[in-house]
Ligand code: Q46
Ligand code: ZN
Ligand code: ZN
C-alpha cells in the first residue's frame, strides 16, 4: 500500500476513507481534518480560550496535541478520580497527563476529587448508594459538574472532550435503540453554552478510534493503554463491538450512521427541536449550576448525603 500523497510506503490504511498515508502525511492530515471539523461545526475560534478535559488516554492527549499544533489556546484539566482497580489507574493517568503537559510547556489544571470533596469516586459512589455497585453514575455526574465548574470559574469559552467516532456512534446506537428523544437532541459536535453551563465541543467526533491510536503512536505520545477498570462490561463497549462487526463488513458504516444522524437532525426532518426542559431549569442554590430539581442539584445532593459537613 502506497501513500496517496507522495507514493512512499503507507503507514496507515483507512479503508473507510479509501485513503492510505505515510507517517508524515498522516500527521499532517489529522490536524487538517480537525481544523475542518472545528470550522464546519463552528466549535470555537483562535481568539477563544479552550479547556481540554484530559484523562491521560489517547483521545484526550491526541486532541490536546492537535489543538496545540494548530495554534489554539488550549489548557488542560485533569480530574483525579481516585480509582486504583489494581492497576493504579488514576495515579498512572495523572502521571501521563502531567508528563505530556510538561514536555509541551502546557498549562494543566488538576482537581483531586478526594481533596475537594473528602472521598475518592469509588467511596462517594458506595456511600451515596447510586449506580448499582458501579461507580460510573457518580463518576459521570462528578466529572460533568467539575468540568463545568472549572471551565466557568476560570473563564474558558469552551470545554473540549476527546470523544471519538466510536464513542459517539455507540452512544447514538444506544439512544436509537430506546428512541431517547431528549438524548438524541443533545448529542452532537457542539452543545451551546446555556445559563451556568459552558459550551461543550467534541473536535474528534469524526475520527475513528484507530485513527486516534495511530496518531498517538506516530507522534510518540505516551498514553495510558488500560481502560478504567470499571469500564468492563459497560453497555457502550458491547455496542462498540457490535458496530465494529458491522464496520468490518461495510467499511464506513459507523461514519455514515453518525453523519446521517447529524444531517437528519439539522434538517429537522426526523427530530423536532424543543426547548421545554430549559424553561424548568434554575440555578442550584449551592453551586449555581442549572438544575431541574426543586432545590439542590443532583451533584450537591449526592455530596451532602455522603459528607454532611462539606
Ligand atoms: S465513568 Fe466508570 Fe468511566 Fe468513571 S468509573 Fe471509570 S468507567 S472513568 S468513562
Ligand atoms: Zn506521504
Ligand atoms: Zn449544586
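Values for this structure:
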| item | result |
| --- | --- |
| Value of D in µm² per second that Stokes-Einstein yields for the stretch 18-61, Kirkwood Rh from Cα pairs, at 37 °C (0.692 mPa s) | 261 |
| Between helix 136-153 and the chain: long-axis angle, C-alpha atoms, 0 to 90°, nearest 10 | 90 |
| Value of [θ]222 nm, deg cm²/dmol, for the chain, DSSP H segments ≥ 4, -39500 (n - 2.57) each, nearest 500 | -15000 deg cm²/dmol |
| Ranked list, fewest to most other Cβ atoms within 10 Å of each Cβ, for 183, 230 | 183, 230 |
| Residue 307-residue 193 pseudo-label distance in nm [points 7 Å out on the Cα-to-Cβ vector] | 3.0 |
| Which of 167, 182 has the fewest Cβ neighbours within 10 Å, and the rest in rising order | 182, 167 |
| Simple label model, 7 Å out from Cα along Cβ direction - residue 287 to residue 4, nm | 4.4 |
| Three semi-axes of the equivalent ellipsoid, the chain, Cα gyration tensor, whole Å, largest first | 32, 24, 20 |
| Acute angle (nearest 10 degrees) that the helix 209-219 long axis makes with the longest principal axis of the chain, alpha-carbon atoms | 70 |
| Cα centroid separation, the stretch 77-113 to the stretch 1-71 (Å) | 23 |
| Shape category assigned to the stretch 174-310 from the gyration tensor of Cα positions, a/c cut at 1.5 | oblate |
| Proportion of all alpha-carbon pairs of the stretch 136-246 beyond 16 Å (%) | 69 |
| Antiparallel %, DSSP beta bridges [both residues in the chain], to 5 | 35 |
| Inter-label distance, nm, simple model (7 Å from Cα along the C-beta direction), residue 236/residue 92 | 2.0 |
| 35, 48 arranged by Cβ crowding within 10 Å, fewest neighbours leading | 48, 35 |
| Order by protection proxy (mean Cβ within 10 Å, highest first), peptides 138-145, 242-249, 231-238 | 138-145, 242-249, 231-238 |
| Computed log₁₀ I(q)/I(0) - Debye formula, equal Cα scatterers, no solvent, the stretch 1-90, q 0.19, 0.24, 0.26 Å⁻¹ | -0.94, -1.12, -1.22 |
| For the stretch 81-121: rounded, prolate or oblate by the Cα gyration tensor [a/c cutoff 1.5] | oblate |
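None of the figures in this text is laboratory data; all of them are computed from the coordinates on show. Keep in mind that this is a model prediction, so the values were computed, not measured. Here Cβ is always computed from backbone atoms with ideal geometry, including for glycine, and neighbour counts include all displayed protein chains.
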